[in-house]
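Just below is one structure, and these are the notes that go with it.
The values are calculated or read from the model by the stated rules, or taken from the named source; none is laboratory data. Please read these numbers as outputs of a predicted model, since none were measured by experiment. Every residue, glycine as well, gets a Cβ built from its backbone with ideal geometry; the counts of neighbours run over all protein chains shown.
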Amino acid sequence: MGVFEIVVISLGLSMDAFAVAICKGLSIMKMNWKKCLKVGLYFGLFQAIMPVIGFYVGETFSRVCRSC
């Protein structure tokens, strides 16, 4: 994967996270630091884990398809 593809994927992920963060921020009635940190931690965790899971699933399918 080249630099261009990595930049495009990172922009897509950041726009997705931004849209979800705006919606979540608008839905919270009473804001405090604990809620902000909790939501930020969840978003960061999922944004970090999902591409890794996708990579390993893709690698697994790639190996399976080569053996067919």
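Return the residue satisfying two criteria in turn: it lies in the range 25-40 and is of a type in the set (Lys, Arg) and assigned to a helix (DSSP H, G or I), and of such residues it is nearest to residue 1 (Cα to Cα).
It comes out as 38.
Determine the pairs where a residue that is under 21 Å from residue 21 (Cα atoms), located within the range 39-61, has a partner that is assigned to a helix (DSSP H, G or I) and not basic (Lys, Arg) with Cβ atoms under 8 Å apart, the partner being 6 or more residues away or on another chain.
What qualifies is 39/21; 43/17; 43/20; 43/21; 47/13; 47/17; 51/9; 51/13.
Which one of these is under 18 Å from the mean Cα position of the chain (by Cα), at pLDDT below 85, assigned to a helix (DSSP H, G or I) and surrounded by 10 or more Cβ atoms within 10 Å (Cβ to Cβ): 43, 55?
43
Taking the condition of being closer than 30 Å to residue 59 by Cα, among the hydrophobic types (A, V, I, L, M, F, W, C) and surrounded by 11 or more Cβ atoms within 10 Å (Cβ to Cβ), how many residues in the range 19-40 meet it?
Qualifying residue count, the range 19-40: 1.
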